[in-house]
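A quick write-up on the structure given underneath.
Please treat every number below as a calculation from the coordinates, not as lab data. Just so it is clear, the structure is predicted and the values come from calculations on it, not from any experiment. Positions of Cβ are generated from backbone atoms using ideal geometry, with glycine treated the same way; all protein chains shown enter the neighbour counts.
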């Protein structure tokens with residue numbers, strides 16, 4: 001009336017193709033993460049470069065020399081010079097009439 005019990009062990013096999021896939025996927029994730037950090041840093045640099053700070057401790061326009069006033073407003077002058085003409089109807093009186101008479 002005794003029964004025999006057979007105990008067997010089956011070891012899990014590590015598949016090399018699956019392991020290579022997991023390492024490759026992890027490498028892609030690391031590369032994407034680093035690239036995202038570089039992109040975010042670049043975006044932050046653009047935001048900081050275009051941010052204007054109005055400090056109250058600067059001299060008033062009346063107290064500044066013409067050269068100092070020109071230096072202070074150089075970026076605004078360049079922005080005005082780079083604006084595309086005609087976008088918001090800001091043509092000169094005669095330059096907007098191309099080929100039109102009367």
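Okay, here's what the table says:
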item	result
Stretchable slack from residue 68 to residue 48, in nm (0.36 nm times residue separation minus alpha-carbon distance)	4.9 nm
Separation in nanometres of the label points that stand 7 Å from Cα toward Cβ, at residue 10 and residue 27	3.3
Where only C-alpha atoms are counted, convex hull volume of the range 16-82 per residue in Å³	113
